[in-house]
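Written below as structure tokens is the structure these notes are about.
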């Protein structure tokens, strides 16, 4: 690997690899399929670190608008005190779920479920919650699918309606392993789930605390650090308008036209750059595919 490419690989890996955390070999076992197929929409979408960052922030905004999910995340994780390792662990879990060999992904997801078994409590308003409650798992799965897909669609390459439906449907095997048995399988099902959840969503200062953490924490590596604020506003921009209104994300969070162009340029560049050592490329190697398989224009 050339020095320049090695530095780029390190920068991208730094977005999801926690210090001292497990090192996942996406090249093994050779030939073992992932939960999603190489020709899936999911493999195309998840290879892009720019849209993953944007979509991940959108997903968390939606999750924190739900009081039971918000309390579970804020009281049972290190998000407030040390957000970067928490974000990287979440990013690594996403990479393993999509690109990891099925046996590796199943083992990791089982561990996540065991950890979630210990996350229970009551919201400040007195509502009981369990992290492994199916309704809450369905919402978390739905918000993640929406955020990642919508960010790719808005800032990288437009997806057809058929591809958007495929993306939701492709998440079903992993969602079932996580316990999200009613997660949306199409864009229409996402819209129905969002409508059903809207009455329970609410404004809370934790949403703004989260966004402040995203602005203040050095998350993106050197070349992209100056773009971090724009990427956060890009995430707010694709948050459904009815949710923005409820949580109070007004026009001060709007993404300006110049910033939008910069985000799209970064997203397009990342979509054309196969880098050795990254999960998407290493998973292609595992499956005997060319390293640029996911980066060819279709």
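Just so it is clear, none of the values below were taken in a lab; they were calculated from the coordinates. Keep in mind that what you see is a predicted model, and the values were worked out from it rather than measured. Note that we place each Cβ from the backbone using ideal geometry, even for glycine, and neighbour counts take in every protein chain shown.
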| GNM top mover of 277, 31, 100 - the chain, alpha-carbon springs below 10 Å | 31
| remark: Taking 46, 210, 53 and counting other beta carbon atoms within 10 angstrom, the fewest-first order is 210, 46, 53
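Hey, fewest Cβ within 10 Å first, where do 287, 95 land in order?
With the fewest neighbours first, 287, 95 line up as 287, 95.
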| message | Sort 214, 197, 115 by Cβ crowding within 10 Å, fewest neighbours at the top. | response | 115, 197, 214
